Amino acid sequence: MKEFWNDPSQAHYRRAWLLLMLFAVILLGIGIGLRDPWPADEPRFALNALEMLRTGQFWFPHRGGELYPDKPPVFMWASALSIALTGSVRLGFLIPTTLAALGCLVLVVDLSRRLYGRRLAIISGLTLLAALQFVLQAKTAQIDMMLTFFTTLGAYGLLRHALLGPAKRWWLIGWAAMGLGIITKGVGILPLALLPAWLWLAYRGSVTRIGIKDLLQGISVLVLCIAAWGVPMIIMATTSGDPALAAYRDNIMFKQTGQRYAESWAHLAPWYYYLLEVLPWAWMPLVLAFPWAIPAWWRRLRRGDARIILPLTAVVLIVIFFSLSPGKRGVYMLPTLPLLVMALVPLVPGLLGKRQLHWLGFALLAILGSVFLLTGILGASGLNALQRVAERHDVVPWAWWITIGTIAMGLLLGFRPRRGLWALGAWLVVFWVSWSTWGYALQDPARSPRDMMAKVVQMTGKGAWLAMPDYDEEFLLQSRQPSVHFGDGTRNRDQFSRAFAWLQADSSRWMLAIQREAEDYACIDRSQMHDLGVQNGDTWWLIPAGAVSTCRSDADAAPLFVAPTTLPDKQHGPSV
């Protein structure tokens, strides 16, 4: 690194590298502070982080006063740090994923420079920034981008040792990164997908050999990183005498790891889900190059080019690994993108000369631009079907869509088919900038209940207690008054039975409930109920205690949790 900054011959590359990083910071960072956390996952992790700061309990994540055993706390720690530094959830919650994405970019560019030279290094960075899923997740506060940083660092360390080594230090750093990835989101071992091809290439003498001692040292480093969090957690949970902490220990160690993979209970999908429903858009526009890239890869594989074989086989094995699990989410494919770019980058200069590839980019932009422009025009013209969709989601995007559709048409006319990829790339920049500004402004009132929860305070009074049966984290995150809930895993009917008992104990209390669930209880006096309208696709009712006085209740039907982030004595903490 010192050589990079001091060598005069590197001056041109340094300028290009700095311009690339400036472009990446603007592209990935624009929009921070312009929106609240959106469901499904963002409000949950923001609530975890905020609750850590409010209670000082950092080792065992909570949401709404209830233990949250689904994920280890590393991402929550990063979120809590960024929220503490900025003093605001709205400003801080997106920073960890943005920084993780920039970290991935730096690793890919640096390894590409070492393997292929300066020009291809810059191209590798632009290629990664072109991938739809990469930029989307960089702008989404989910764990997966931080996991991807650790898996990319793990792959970087292993590849430095394999292709540019021996580099024992980087070998161990790679294993340490995998350990940190495991305590971030379980599957930090994904870089081990490099090993099958590595062992074969090492047998042929193409890469650095791996000895038993090397593997034992690497595994030891990985275990030590996991133990740094896991051992204190196990000791505290085991010796506490608290059944909830013991349940947390068992859940995070077993249910959320092996059982979640082998016997997943959520997001069930067929084995071909990634191949047909995720990768065609997640790897877009890189997949446009596959008709030419696949034959080129095959030729390099036959020549034994380890620089291509290692990342490419790892991508294939990761896709197979996740396809074998019954539970699947599109975001699980994110860690494949840096590896895919590493395998694709030496082909990019040749691919950019393919006239047919530019035609494909031109056609894709024509389709996208036409869809946005036509849909925007029809929506603005009052087409009933589109009006109903806009009303259901409480977003009217017609002017935005007409604008980006018109820009697409202008780029098509300006660049013409022979430069279709350049037109597509320019439009993607326009799309992401508009998404992070105009798009945020349009969507935030519909996807964040900030305004609705402010209205609830006005109607109930700031000190009035509020119950949330079958709560969503975004409502608890935005609550400005003391709030309770009845357990994330509790049956709805038990939650309502407990809520009725809680309301009947004090006539000044209120309940916030989804209409379609509250309607099941005819005992609720509809004349006292306040209709708050639609938020996140559901109609919400605000119900005073007096409206449930005749409802059958059971104070033992469910646990009751008080959300620490809603209590007034914590009002001087970070703002939401």
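The values are calculated or read from the model by the stated rules, or taken from the named source; none is laboratory data. Computed from a predicted model, the values in this text were never measured in an experiment. FYI the Cβ positions are ideal-geometry reconstructions off the backbone, even for glycines, and counts take in every protein chain you see. Side chains are part of the model used for accessible areas, which takes the heavy atoms of the whole protein and leaves out ligands, DNA and RNA. Shrake-Rupley method; radii C 1.70, N 1.55, O 1.52, S 1.80 Å.
At a glance:
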item: Theoretical gain in end-to-end length, residue 356 to residue 301 [0.36 nm per residue, Cα-Cα removed]; result: 17.4 nm
item: Integer Hz, Karplus 6.51/-1.76/1.60 couplings in order for region 374-380, x for Gly and Pro; result: 5, 5, x, 5, 5, x, 5
item: Length-normalised contact order for region 91-162 - Cα pairs under 8 Å, 6+ apart - percent; result: 44 percent
item: Three-way shape call for region 1-124 based on the alpha-carbon gyration tensor, with the a/c threshold at 1.5; result: prolate
item: Net charge of neighbours whose Cβ lies under 9 Å from the Cβ of residue 171, counting Lys and Arg as +1 and Asp and Glu as -1; result: +2
item: Kirkwood hydrodynamic radius of region 148-223, from inverse mean 1/r over distinct Cα pairs, in Å; result: 12.0 Å
item: For region 68-156, the Rg and Dmax computed from alpha carbons only, in angstrom; result: 14.5, 46
item: Surface share of carbon and sulfur [accessible, 1.4 angstrom probe, percent] for the chain; result: 63 percent
item: Per residue accessible area in Å² of the chain, where ligands, DNA and RNA are left out and the probe is 1.4 Å; result: 43 Å²
item: Relative contact order (%) - criterion: Cα under 8 Å, at least six apart; region: region 388-524; result: 19 percent
item: Antiparallel %, DSSP beta bridges [both residues in the chain], to 5; result: 75 percent
item: Candidates per trypsin sites (Lys or Arg not before Pro) in region 430-509, loop by DSSP, up to 12 other Cβ within 10 Å; result: 462
item: Per-residue ³J(HN,Hα) for region 335-350, Karplus 6.51 cos²θ - 1.76 cosθ + 1.60, θ = phi - 60°, Hz, x for Gly and Pro; result: x, 6, 5, x, 5, 4, 5, 4, 7, 8, 4, x, 8, 4, x, x
item: Point-to-point label distance, residue 81-residue 228, nm (Cα→Cβ direction, 7 Å offset); result: 1.0 nm
item: Residue 394-residue 438 FRET efficiency (beta carbon distance; Förster radius 22 Å; 0.05 resolution); result: 0.85
item: The chain: angle of helix 290-303 to the longest principal axis, Cα-based, in degrees nearest 10; result: 50 degrees
item: Rounded tilt (10° steps) of 42-55 against the dominant C-alpha axis of the chain; result: 70 degrees
item: Amide H within-cut-off set for residue 66, under 5 Å, with H built and near neighbours excluded; result: none
item: Value of relative contact order over region 1-149, rounded to a whole percent, pairs C-alpha under 8 Å and six or more apart; result: 25 percent
item: Loop-resident sites, region 116-210, for trypsin sites (Lys or Arg not before Pro), counting at most 15 other Cβ within 10 Å (DSSP); result: 209
item: Over 35 Å [Cα-Cα, the chain], rounded percent; result: 45 percent
item: Potential extension, residue 383-residue 22 segment - 0.36 nm per residue separation minus Cα distance; result: 125.7 nm
item: Those Cys residues of the chain for which no other cysteine Cβ falls under 4.7 Å; result: 104, 225
item: Residue-averaged [θ]222 nm for the chain, counting only DSSP H segments that reach four residues, each worth -39500 (n - 2.57); result: -19000 deg cm²/dmol
item: P(r), alpha carbons of region 461-514 - 5 Å bins starting at zero, rounded %; result: 4, 21, 32, 25, 14, 3
item: For residue 327, distant residues with modelled amide H under 5 Å away; result: 264
